[in-house]
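Q: Take this structure first; my questions come after.
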Amino acid sequence: MRELEAASGIGRETIRFYIREGLLPEPARTSRNSATYSDVHVTRLHTIKRLQEERFLPLAVIRTLLDADDSASWLAHTRFPMLDALIAPLLSPPGGRRSLAEIMRSQGLDPALADAHVATGMIKPDAAGTVSAGDAAILAILKQMWELGLTRDQGFLPKDMRIFVDLVDWLVRQEMKLFFGNMADRIGEAQAVQLVTKTVPLLNDLLAHLHNRAVLQQLGDRRTIANDNPAAAAARRQPECDQS
């Protein structure tokens, strides 16, 4: 345990907690009071630390991301082998692939921004440097955010956007597991295409409403906490007293 603490920079109580929570595998027990830890433990601890510090992911999400075998179990299904090809024309925005460099140049955007968002997985060009119509739409949204002032100069870095990529990847894995686990042996491929193409837009709308509700809830909680703080309340009343 001492060597694992030194190699990972994480204390033993935290390591034991991660083992209990399933984020780390059980060590090999050499005796009742002795255990052997492997490079897997060191790698996982570094990954957990990075996901917490750089992407601010909760442990429940990190556990799912680390549990590759379970998260990818839906890939083993042999039903609907052409589902992606069949639904792509129905869910993708219209338009063909375009050069990423050309898009950035035509929009007057810094190519370094594209490189940064490629590094986070927000934009995914192919080997020829072209992106899909969907990625072009993402770039258009990012441009609007930059024009609103959410720029590097204001502290909004491309790496901060990676949390959205990670969370959506995690969410879609859960959706795939539910869908294939429940429907793979019950419906045909034509019905699966219809179900997916009609359900995905509904889920997108659902997520938008949940996000809006959470934003309002968090802001409301923030105001409640501020109102419960006597010092903050006095500071807000001070300008009124000065004016009188």
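Q: Assign one of three labels to segment 94-204, namely rounded, prolate or oblate, based on the Cα gyration tensor with a ≥ b ≥ c the square roots of its eigenvalues; rounded applies when a/c is under 1.5, prolate when it is not and a/b is larger than b/c, and oblate otherwise.
A: Judged from the Cα gyration tensor, segment 94-204 comes out prolate (a/c at least 1.5, a/b above b/c).
Q: Calculate the tail of P(r) for segment 1-66: the fraction of all Cα-Cα distances greater than 14 Å, expressed in %. Let's see the in-between values first.
A: Numbers: 1206 of 2145 pairs.
Result for the distance tail: 56 percent.
Q: Could you let me know the centre-to-centre spacing of segment 176-220 and segment 1-51, using Cα atoms, in angstrom?
A: 36
Q: If you place +1 on the Cβ of every Lys and Arg and -1 on the Cβ of every Asp and Glu, how big does the dipole about the Cα centre of the chain come out, in debye to the nearest 20?
A: Working: 29 positive and 30 negative charges, 73 e Å.
Once rounded to the nearest 20, the dipole reads 340 debye.
Q: Right, something else. With +1 on each Lys and Arg Cβ and -1 on each Asp and Glu Cβ, how big is the dipole of segment 82-184 about its Cα centre, in debye rounded to the nearest 20? Don't skip to the end; give the middle numbers.
A: Numbers: 10 positive and 12 negative charges, 19 e Å.
With only Lys, Arg, Asp and Glu charged at Cβ, the dipole is about 100 debye.
Q: A128 to S99: extension gain in nm, 0.36 nm per residue of separation minus the Cα-Cα distance? All intermediate terms of the calculation are to be shown ahead of the outcome.
A: Numbers: separation 29, 0.36 × 29 = 10.44 nm, distance 0.81 nm.
The span from A128 to S99 would gain 9.6 nm if fully extended.
Q: Run the simple label-point estimate for V168 and H46 please: 7 Å along Cα→C-beta, distance reported in nm.
A: Output for this residue pair reads 2.9 nm.
Q: Suppose R0 equals 41 Å; then what is the FRET efficiency for A184 and A7 from their Cβ-Cβ distance, rounded to the nearest 0.05? Could you put the intermediate results ahead of the total?
A: Details: r = 42 Å, r/R0 = 1.02.
For A184 and A7, the calculated efficiency is 0.45.
Q: Taking the number of other C-beta atoms within 10 Å as the exposure measure, put K198, K177 in order starting with the fewest. Could the numbers behind the result be given before it?
A: Details: K198 10, K177 17.
Neighbour counts put them in this order, fewest first: K198, K177.
Q: Next question, about the same structure. To make sure I understand the rule: partners must be lysines, Cα under 26 Å from the Cα of K143, and not fewer than 8 residues away in the same chain. Which ones qualify?
A: The qualifying lysines are K124, K159.
Q: Just want the answer: with Cβ charges of +1 for Lys and Arg and -1 for Asp and Glu, which residue in A85, Q217, M1 is farthest toward the dipole's positive end in the chain?
A: It is M1, whose Cα lies furthest towards the positive end.
Q: Output ³J(HN,Hα) for segment 99-108: one whole-Hz value per residue in order, computed from phi by the Karplus curve 6.51 cos²θ - 1.76 cosθ + 1.60 with θ = phi - 60°, and x for Gly and Pro.
A: 5, 4, 4, 5, 4, 4, 5, 5, 8, x
Q: Rounded, prolate or oblate: which fits the chain, taking a ≥ b ≥ c as square roots of the Cα gyration tensor eigenvalues, rounded meaning a/c under 1.5, else prolate when a/b beats b/c? Kindly include the intermediate steps, with their values, before the conclusion.
A: Working: a/c = 1.58, a/b = 1.02, b/c = 1.54.
Note, shape of the chain comes out oblate.
Read the figures in this text as sums done on the coordinates, not as results from a lab. What you see is a predicted model, and the numbers here were worked out from it, not measured in a lab. We place every Cβ from the backbone using ideal geometry, glycine too, and count neighbours over all the protein chains shown.
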